[in-house]
1. Could you give each residue of the range A:77-87 its phi-based ³J(HN,Hα) in whole Hz, using Karplus coefficients 6.51, -1.76, 1.60 with θ = phi - 60°, and x for Gly or Pro?
2. With N residues in the protein assembly as shown, what two-decimal value do you get for its Cα radius of gyration over 2.2 N^0.38 Å?
3. Shielding of A:102-110 by partners, i.e. mean partner chain Cβ atoms within 10 Å per residue?
4. Using a Cα distance threshold of under 19 Å, what count of lysine pairs results for the protein assembly as shown when pairs must be 8 or more residues apart or interchain?
5. In Å², what does the accessible area per residue of the range B:1-84 work out to with a 1.4 Å probe?
6. Apply the Karplus curve 6.51 cos²θ - 1.76 cosθ + 1.60, θ = phi - 60°, to the phi angles in the range B:45-60 and return the couplings in whole Hz, x for Gly and Pro.
7. Over chain A, with every protein chain in place, what whole percent of the accessible area is carbon and sulfur at 1.4 Å, could you tell me?
8. Quantify how strongly other chains surround peptide B:38-45 by giving the mean number of their Cβ atoms within 10 Å of each of its Cβ atoms.
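The values are calculated or read from the model by the stated rules, or taken from the named source; none is laboratory data. Everything quoted here is computed from the prediction, not taken from an experiment. Because the Cβ atoms are built from the backbone with ideal geometry, glycine has one as well, and the counts that use them run over all protein chains shown. Calculation scope for accessible area: heavy atoms of the full protein, side chains included, ligands and nucleic acids excluded. Shrake-Rupley method; radii C 1.70, N 1.55, O 1.52, S 1.80 Å.
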Amino acid sequence: AQSVTQLDSQVPVFEEAPVELRCNYSSSVSVYLFWYVQYPNQGLQLLLKYLSGSTLVKGINGFEAEFNKSQTSFHLRKPSVHISDTAEYFCAVSEGVGGSYIPTFGRGTSLIVHP
Amino acid sequence: EAQVTQNPRYLITVTGKKLTVTCSQNMNHEYMSWYRQDPGLGLRQIYYSMNVEVTDKGDVPEGYKVSRKEKRNFPLILESPSPNQTSLYFCASSIAGGVYEQYFGPGTRLTVT
């Protein structure tokens with residue numbers, strides 16, 4: 001069965017600093033990977049996704065993520081954060097052929113951007 | 001506008017009083033799902049449905065029921081709510097599982113006293 005681990009429950013950072021939110025997964029088949037963002041008092045929305053092809057994926061609001069198959073990771077990065085990036089970030093994985101196709105979410109990482 | 005709607009958004013109820021949280025999507029999606037979000041535990045799947053009349057248990061189905069009689073609707077039923085079901089609930093829909101992203105509703109905050 002697939003699983004998703006977000007290694008940091010909370011990441012504090014100052015405005016304009018770079019940030020990396022870590023995500024590792026386990027699966028024995030091919031996977032599809034997603035990052036979702038949840039702003040305060042809202043539902044989740046898609047930030048970016050990796051399906052196939054280039055391992056570097058760019059998303060909305062200047063975020064990007066890199067798929068590393070050998071390390072089974074899909075870390076999210078942004079070179080310079082803004083106060084408005086303060087939110088909860090969820091990594092999710094779905095399995096492909098031979099797997100469950102049902103998405104599994106990590107526990108989330110709270111990004112707190114300080115002025 | 002493509003969206004997932006949930007009602008009610010906020011609900012305070014008492015132990016044992018049956019309640020239903022409705023979920024509706026207007027995107028003709030096959031896949032729908034219910035999650036609960038609790039501090040420190042992230043999103044946990046309660047039930048999902050791959051299509052009309054097809055539902056299956058997620059990770060935390062105890063105490064919940066669902067039905068999928070129409071493609072657009074996927075209500076969550078708590079027959080006898082208990083305080084440990086106090087949580088933030090999200091409905092989501094997707095074209096299908098696998099490669100497709102999920103679209104989330106705005107959430108329902110439920111308090112059971």
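1. Taking θ as phi minus 60°, the curve returns 9, 8, x, 8, 8, 10, 3, 5, 7, 4, 5 Hz for the range A:77-87.
2. 1.01
3. That works out to 6 on average.
4. Qualifying lysine pairs in the protein assembly as shown: 10.
5. With the other protein chains kept in place, the range B:1-84 gives 53 Å² per residue.
6. 7, 9, 9, 9, 9, 7, 5, 4, 6, 10, 10, 8, 6, x, 7, 9
7. 51
8. If you average over the peptide's residues, the count of other-chain Cβ atoms is 5.
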